[in-house]
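The values are calculated or read from the model by the stated rules, or taken from the named source; none is laboratory data. Just so it is clear, the model here is predicted, and its values are computed rather than measured. With ideal geometry, Cβ positions are generated from the backbone for all residues, glycine too; neighbour counts draw on all protein chains shown.
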Amino acid sequence: MPDFAIRHAAIFTVDPQNRVIPDGTLVVQDGVITQVGDDRAVTVPDGCEVIDGRGHALLPGLVDCHSHSSLMRGVTENMPLMEWLPWYQLEHRAMTEEFAYHSARLCYLEALQSGTTCVMDMFRYMDRCADAAAELGLRVQLAPYVADRPGKDFFSTREENRRLIHSHHETQNGRIRVWMGLEHLFYCTGDAYREAAELSREYGLGIHTHCSEQKEEEQAVTAELGRRSLAMLDHYGILGERTLLAHCVWLNSEEIARVADTGTSIAHCPVSNAKLASGVAPVPEMLAAGVTVGLGTDGPVCNNSLTLFEEMKFASLIQKATRLDATALPADQILRMATINGAKASGWTTR
């Protein structure tokens, strides 16, 4: 990669002080940011290509903490989650390796086009998803859609997840990482969760799964398993600093405290949660408790978009509207969720 500098841009650093540099310059050498600051204080090395950033903003790459690659969009409208799921599963019943590759490639291209540089993707045939990411230069975490309960054999297997660890974890100079992916408590046995926790410890991998997305789903889990979703995951040993839970719309205050105490992170998917009538997650309470909360699109099949700028706007507005509080989730907090918080939740940084 040739060295370059971007000069005279408004730079949103997303540092601990949320510093904005109105007339900033950023220098990249050998693919690494070596300088960032006020244009008058930065010396551009000889030989750097200079890009004029006047009239533009420069900010960190966005992080999509929860996505499902797919070729489907706009075909499952006006359905609540439990009616939507059987339609969505038709795609997985028809899935092929080539289908998975082209799904991932189109979704990753759309993500890049809107400023997303890191994606947590839960899908099928994820070795082909890795091929797509390698071609495009995207950072991805591959979390196979594992399900091992009877009748769910159209999803990924535990063995597929294990093979993917050995074949693709930390490949492409670390841009491709493998996580333990678990579909849902109704799709996975206790053995699947326990094995995921064991492999997470053995290989230092993350764990990604869904939790408490819809009120009716939460009631069904409690009725069948005798515990609420979060308590069941806790029982299986899933919660912890390497775990990222998607949705968590219906967590209560005690559960939020437990998430915070264990260092578990949450991927907030406001557009999908609204589209499927799942509800509005208590994000301000999560953040106040010290939970790391990132943003996710949930993929095109239940969002119709992979644009995190749209997700940022909606995440803020839906809290303001439902709480009648114009100060809820302000812009600086939302930007942190889409960037540094997402990077922490996805394991790209610990800082």
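Screening Cys65 on (1) free of Cβ contacts under 8 Å to residues at least 40 places away in the same chain; (2) outside any loop (DSSP other than H, G, I, E, B); (3) of a type outside the set (A, V, I, L, M) shows it passes everything except condition (1). Hey, any hits in the range 9-19 for a residue that's surrounded by fewer than 15 Cβ atoms within 10 Å (Cβ to Cβ), assigned to a loop (DSSP other than H, G, I, E, B), under 29 Å from the mean Cα position of the chain (by Cα) and among the acidic types (Asp, Glu)? Yes. Scanning the range 306-350 for residues that are surrounded by 17 or more Cβ atoms within 10 Å (Cβ to Cβ), assigned to a loop (DSSP other than H, G, I, E, B) and over 14 Å from the mean Cα position of the chain (by Cα) yields a total of 2. Would you point out the residue of the range 276-287, among those that are within 18 Å of the chain's Cα centre (by Cα) and in a helix (DSSP H, G or I), that is farthest from Leu85 (Cα to Cα)? It comes out as Leu287. Any residue at all in the range 38-49 that is crowded, with 16+ Cβ neighbours inside 10 Å, touching a residue at least 24 places away in the same chain (Cβ under 8 Å) and part of a strand (DSSP E or B)? Within the range 38-49, not a single residue is crowded, with 16+ Cβ neighbours inside 10 Å, touching a residue at least 24 places away in the same chain (Cβ under 8 Å) and part of a strand (DSSP E or B). Within the range 80-126, being among the small types (Gly, Ala, Ser), surrounded by fewer than 23 Cβ atoms within 10 Å (Cβ to Cβ) and touching a residue at least 40 places away in the same chain (Cβ under 8 Å) holds for Ser114, Gly115. Suppose the filter is hydrophobic (A, V, I, L, M, F, W, C), under 24 Å from Gly294 (Cα atoms), buried (at least 18 other Cβ atoms within 10 Å of the Cβ) and more than 19 Å from the chain's Cα centre (by Cα); does Ala231 pass it? It is false that Ala231 is hydrophobic (A, V, I, L, M, F, W, C), under 24 Å from Gly294 (Cα atoms), buried (at least 18 other Cβ atoms within 10 Å of the Cβ) and more than 19 Å from the chain's Cα centre (by Cα). Here Gly181, Gly206 are screened, and the one residue that is assigned by TED's automatic domain parsing to the domain that holds Leu81, within 21 Å of Ala345 (Cβ to Cβ) and in contact (Cβ under 8 Å) with a residue 60 or more places away in the chain is Gly206. One residue is enough: does the range 169-190 have a residue meeting the conditions small (Gly, Ala, Ser), in contact with an Asp or Glu (Cβ under 8 Å, 6 or more places away or on another chain) and either surrounded by fewer than 24 Cβ atoms within 10 Å (Cβ to Cβ) or under 25 Å from Cys302 (Cβ atoms) (or both)? Within the range 169-190 (the criterion being small (Gly, Ala, Ser), in contact with an Asp or Glu (Cβ under 8 Å, 6 or more places away or on another chain) and either surrounded by fewer than 24 Cβ atoms within 10 Å (Cβ to Cβ) or under 25 Å from Cys302 (Cβ atoms) (or both)), the answer is no, since none of the residues qualifies.
Listed here are the residues, each with its yes/no results for (1) within 14 Å of His66 (Cβ to Cβ); (2) touching a residue at least 40 places away in the same chain (Cβ under 8 Å).
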{"position": "Ala246", "(1), (2)": "yes, yes"}
{"position": "Val249", "(1), (2)": "yes, no"}
{"position": "Asn252", "(1), (2)": "no, no"}
{"position": "Arg258", "(1), (2)": "no, no"}
{"position": "Thr262", "(1), (2)": "no, no"}
{"position": "Ile266", "(1), (2)": "yes, yes"}
{"position": "Cys269", "(1), (2)": "yes, yes"}
{"position": "Asn273", "(1), (2)": "yes, yes"}
{"position": "Pro282", "(1), (2)": "no, no"}
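Given Phe154, Phe186, which one is assigned by TED's automatic domain parsing to the domain that holds Phe309 and touching a helix residue (DSSP H, G or I) at 6+ places or on another chain (Cβ under 6 Å)? So the residue among Phe154, Phe186 that is assigned by TED's automatic domain parsing to the domain that holds Phe309 and touching a helix residue (DSSP H, G or I) at 6+ places or on another chain (Cβ under 6 Å) is Phe154. Among the residues of the range 233-269, how many are in a strand (DSSP E or B) and either within 16 Å of Gly181 (Cβ to Cβ) or out of contact with any Cys (no Cβ under 7 Å at 6 or more places or on another chain) (or both)? Selection size over the range 233-269: 8. Against the definition (in the same structural domain as Leu306 (by TED's automatic domain parsing) and closer than 19 Å to Ala343 by Cα), how does Leu136 come out, yes or no? Considered against the rule, which asks whether it is in the same structural domain as Leu306 (by TED's automatic domain parsing) and closer than 19 Å to Ala343 by Cα, Leu136 comes out as no.
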